[in-house]
Structure formats: structure tokens, C-alpha cells
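Here the structure is laid out as C-alpha cells; the discussion comes afterwards.
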Amino acid sequence: MPVSGYLSNFSLSEVLQFAQEGNKTGLLTIQSLPNSTQEFRRYFIWLNQGRIIAAADRTDYQGLATMIIQRKWIAELELRSLIQQCPLRTPLGIYLKSQNLLSAEQMKMLFSVQIIRQICALFELIDGSFQLKTNVQMPYLEMTGINIPATDVTLPGLRNLKNWSALQEKLPQSMSGLLGTVEGPTTIQLNAQERQLWEFTNGQMTIAEIAKELDRPIESIRQIAFCLTVAGLAEEIPFIRAESNTENVELQTISPQIPSSAFLKHMKGFLKKQAKPESTVVS
Amino acid sequence: MVFSFAYGSVGWEFMEVMRLVVTGPVGAGKSTFIRSISEIDVVDTDRDATDETSQLKKKTTVAMDFGRVNMGEDMALHLYGTPGQSRFDFMWDVLIRKAHAYILLVPANRPGEFRNARVISNFMRQRTKAPMVIGFTHLDCPGAWTMENMAIALGYGSPLIKRPAMVEVNPTESMSVATAIMALIEHL
């Protein structure tokens, strides 16, 4: 069953995080809404095990070939012939490189245009729809052979975002802290501001306190914090506000007492009388 | 064990109370969940909802819902429902210290609330060792996500992260609510 929805509810960065964390394989379609004031956009992103393997604005598997022809790297007739010869289940980019017709650098450039530049532009959509369908054909003719984690486009996409209004409700609260999810240094390319905030992902300070420490506007830190969370580098951890609202409640992890076994046994019996005979329970 | 003292017709009596906190984002069905099983009229603190919440429903809990289930003269289950709007104020401090277990309700048809639910879940994982069950509601509504996909959206996609038990819940049905609470008890 496809996963679908609207970007106003579940943002593109969350969709990509979901796809990566869920190791999703399939076709993600992003599309602006029909009545939008923005220019209509529809883009197709193919994923394999949570990694982006190809993208295009068409589904006839001619996108990569068109890019190569437009750059005059291979003549059209020759490329069409090569496509016919390309072994089954082999990315076109890998085949062309193996034939010494395209270099690794050219492949990287194509991938950058196909994936990074196009998907980053999608972050500017104020609203749109998304659909992630599994059980689709692998787009071997659109594949350069390069792939990246889905969230690797998130930071570049959000860094250039000018209008954050659509994401306002998603930003970490100023009274929350950040807890890093990656042990040790990260391999993700962070810019200077992101790296600065990354140093504070120990869950000890609120975003408001971090902003004060870094002498930066709170809103700016909230935005960068959001970037780190959807890139999978940190999680938002709320702090509890004290009643006076001037300080945070110092917390330790609480280990609660457990009700007696007699109580639990009695309660189970009581509830069983009211419970449904069948229910869906997964863990 | 937690004991409360109640003065009854035979003098001072021991009463054992289990405290269950029902939490989750706006519109998950927390108040309804408590209402479905409580033997007393739920003490609710509904107020007129404002802003975005009002587009979903007219009223929303701003302090805490309370319900009770008596299981005999000396045993009771107390249910506390947290406010839907995420204000982690001093009340959470009280709940964390007193609660024996939690159920986090998540509406399957409102992906816009998954991030809120994820933040609540993060909070629980960090601040308390009390067992938690996730109850997915509104699974029969249009646009509802599957339980597996919601688990991923809540941050439980990696096999390295231990998943809590996850159940399907219809908060309007007492039988379904009872089943969810039973799933929680299994983990105590």
C-alpha cells in the first residue's frame, strides 16, 4: 500500500528521513498541487534500501540519456545503440563507464544535477503531495551507479530555504534540547553553523540557552536544529519547564515502582472480562 | 507498590493504586480513551481550542483528564491524560515521578502529528524507565498509515532501537481500551 500525503503535513525532509530510516525501496513522487501559485513541478525519486539511486522529471527512463545527449558527451544514435546493448540489471552509468565512454567525474556531475540540484529545488515547494510506492521496477537506465542516503539531500535543500513558514510548526521548541544520535564524529558534511550547533547535542542545554551561548537569534538555531533532526543527526528532547517558568526542572531518569504481582494479576483478570477477544498487537 | 490510605466504614484501609498516563498529540483520542473505561465521570479540563487545534476540534485538554477504574475495595487504576498541545510544563514532572506506565496514542490519519508524537516518545525514552505502549488510533480513517510505517515515522525504524509494544486501539470502545491496557500490563 503506497504511503502518501501532503507536504504541508509531512514535509519533504520528513519524507526523506522516513524513507531512509525505513530502508524503503520504491518510487517517491513529489508533485506541486494543481491550484498552486508556484510553477508546477513533478519529480520522481527512486530509492533502494533508503538510498537515492536515481531521479527524473519523467518516467520513461530517458532522463539520464537526454542529459548525456544534451551535453554532447555521446551522440544520440550511438547512445541509443549502447542502451540496447546494456546488460540487464546494470545501471546505464556503470555500463558507459565500463566502456570508457564516460568518466567517473562526468558520472558525478550527472548525479549532482539529476539528484542534488533537482531535489534541493523541491524543498521550495510551499505545498505539494507525495507518494511512495514500493514494488516498482528498478530504473537501470536512469541510474548512474552512484547512490546516497536519502537524507544527504536534506541539508543542502534546507540550507537554501528562504521561506520557513511551512515548517514553522515542525521546528524544535526553544525549550527543547538536542540529543545526538551518532556516536563520534559524523561523516555528513556540515557547514560551520551546523557544526557549531552539533557541539551542543548532548541534551544538556535548551535551544534558547544555546542561542544565547552562540549569540545567535533563537529562530536561526531552531531552523538549524530542525535540519540536524531530519538529517538523522539528533533528536529533539523537551525540557520540563518549572512552575515559575524561569528555569528548567532538573531531571534524572526515573525508575518507577512496580505494582504488586497480586495487583497485576487481579487487574489482568478484570480487564480480560472487558477486553476484545481479538486484537492486533505487534512489538 | 504504591499505597494510598482511605478512610472507610471499617477505619483506615490500604488501597493499591496503579497510575497510567495517557499521552499523545492533539486528536489522538486521549480524552476519549479515558472516558471509555473510566467508572467515574472524567474530570476534564477542556477549554475552547485556539488556532490550528481549533481547526481540528472545538475543545482541547489544557491541563489534565482524570479517570478511575475500581477493581474491588482495595485496588484501583487511575488514568491521567496529558494535554494534547505540547507544553512540557511542571505537570509532566509530577506525572513522570508518579506514573507506573504510559500509553502513547498516535492518530494514524494525521501524519502532521507524527513529529509531535516522536518528540513525546523521545522524552519518555530519556526521562523514565516506566514501560510504554504505543496505541495507534484512527486506523480505519481515510489516509491512515500502516502501523509499521508509523513505527518508522516515530523513530523506530532501526533494528538497533528497541521498539515498545504497539497496538491498534479504538478509543471509543471500552473493549479495545482494555486490550491496550492489558498489553501494557504484560510489560510491567
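The values are calculated or read from the model by the stated rules, or taken from the named source; none is laboratory data. Computed from a predicted model, the values in this text were never measured in an experiment. So basically every Cβ, Gly included, is an ideal-geometry build from the backbone, and we count neighbours across all protein chains shown.
Miscellaneous remarks
- In the stretch B:84-93 there is no residue that is within 13 Å of chain A (Cβ to nearest Cβ), modelled with pLDDT of 85 or more and either surrounded by fewer than 20 Cβ atoms within 10 Å (Cβ to Cβ) or touching a Pro at 6+ places or on another chain (Cβ under 8 Å) (or both).
- Residue check, B:Val167 surrounded by 22 or more Cβ atoms within 10 Å (Cβ to Cβ), among the aliphatic types (A, V, I, L, M) and in contact (Cβ under 8 Å) with a residue 40 or more places away in the chain: no
- When A:Pro172 is tested against (1) touching a Lys or Arg at 6+ places or on another chain (Cβ under 8 Å); (2) surrounded by fewer than 17 Cβ atoms within 10 Å (Cβ to Cβ), exactly one condition is not met: (2).
- Residues that are more than 17 Å from the chain's Cα centre (by Cα) and more than 30 Å from B:Phe90 (Cβ to Cβ), drawn from the stretch A:157-198: A:Lys162, A:Asn163, A:Ser165, A:Glu183, A:Gly184, A:Pro185, A:Asn191, A:Ala192, A:Gln193, A:Arg195, A:Gln196, A:Trp198
- Matching residues, the stretch A:125-148, being among the hydrophobic types (A, V, I, L, M, F, W, C) and not in a loop (DSSP other than H, G, I, E, B): A:Phe130, A:Leu132, A:Leu141, A:Ile148
- Of the criteria (1) more than 26 Å from the chain's Cα centre (by Cα); (2) surrounded by 21 or more Cβ atoms within 10 Å (Cβ to Cβ); (3) of a type in the set (D, E, K, R), which one A:Glu142 fails: (1)
- Looking at B:Phe33, B:Phe66, B:Phe5, B:Phe14, just one residue is outside any strand (DSSP E or B) and either hydrophobic (A, V, I, L, M, F, W, C) or modelled with pLDDT of 90 or more (or both), and that residue is B:Phe33.
- Residue count for the stretch A:1-53 satisfying the condition of being in contact (Cβ under 8 Å) with a residue 60 or more places away in the chain, in a loop (DSSP other than H, G, I, E, B) and surrounded by fewer than 19 Cβ atoms within 10 Å (Cβ to Cβ): 7.
- Residue that is nearest to the other protein chains (Cβ to nearest Cβ) [pool: residues in the stretch A:227-240 that are of a type in the set (A, V, I, L, M) and part of a loop (DSSP other than H, G, I, E, B)]: A:Ile240
- The condition (being facing another protein chain (nearest Cβ under 7 Å), at pLDDT below 70, assigned to a loop (DSSP other than H, G, I, E, B) and out of contact with any His (no Cβ under 7 Å at 6 or more places or on another chain)) is satisfied by just one residue among A:Glu250, A:Glu243: A:Glu243.
- Inter-residue pairs, beta-carbon under 7 Å, first not assigned by TED's automatic domain parsing to the domain that holds A:Leu132 and in the stretch A:55-73, second in a helix (DSSP H, G or I) and at pLDDT 95 or above, 6+ apart: none
- Condition check for A:Thr151: farther than 19 Å from A:Thr59 by Cβ, among the β-branched types (Val, Ile, Thr) and outside any helix (DSSP H, G or I): no
- Within the stretch A:152-180, the residues that satisfy the criterion of being hydrophobic (A, V, I, L, M, F, W, C) and away from chain B (no Cβ under 14 Å) are A:Val153, A:Leu155, A:Leu158, A:Leu161, A:Trp164.
Let's see how each residue does on (1) at pLDDT 95 or above; (2) in contact with an Asp or Glu (Cβ under 6 Å, 6 or more places away or on another chain); (3) within 9 Å of chain B (Cβ to nearest Cβ):
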site: A:Val3; (1), (2), (3): no, no, yes
site: A:Gly26; (1), (2), (3): yes, no, no
site: A:Thr29; (1), (2), (3): yes, no, no
site: A:Ser36; (1), (2), (3): no, no, no
site: A:Arg42; (1), (2), (3): no, no, no
site: A:Ala54; (1), (2), (3): yes, yes, no
site: A:Leu64; (1), (2), (3): yes, yes, no
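- Every residue from the stretch B:142-159 that is more than 16 Å from A:Gly5 (Cα to Cα) and among the polar types (S, T, N, Q): B:Ser158
- Breaking point among (1) hydroxyl-bearing (Ser, Thr, Tyr); (2) modelled with pLDDT of 75 or more; (3) surrounded by fewer than 21 Cβ atoms within 10 Å (Cβ to Cβ), for A:Ser279: (2)
Conditions (1) more than 7 Å from chain A (Cβ to nearest Cβ); (2) not in a helix (DSSP H, G or I), marked per residue:
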{"residue": "B:Ala144", "(1), (2)": "yes, yes"}
{"residue": "B:Met150", "(1), (2)": "yes, no"}
{"residue": "B:Leu154", "(1), (2)": "yes, no"}
{"residue": "B:Lys162", "(1), (2)": "yes, yes"}
{"residue": "B:Met166", "(1), (2)": "no, yes"}
{"residue": "B:Thr172", "(1), (2)": "yes, yes"}
{"residue": "B:Ser176", "(1), (2)": "no, no"}
{"residue": "B:Ile181", "(1), (2)": "no, no"}
{"residue": "B:Leu188", "(1), (2)": "no, yes"}
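- Flag for B:Ala108 being in contact (Cβ under 8 Å) with a residue 40 or more places away in the chain and either under 25 Å from A:Phe18 (Cβ atoms) or facing chain A (nearest Cβ under 8 Å) (or both): yes
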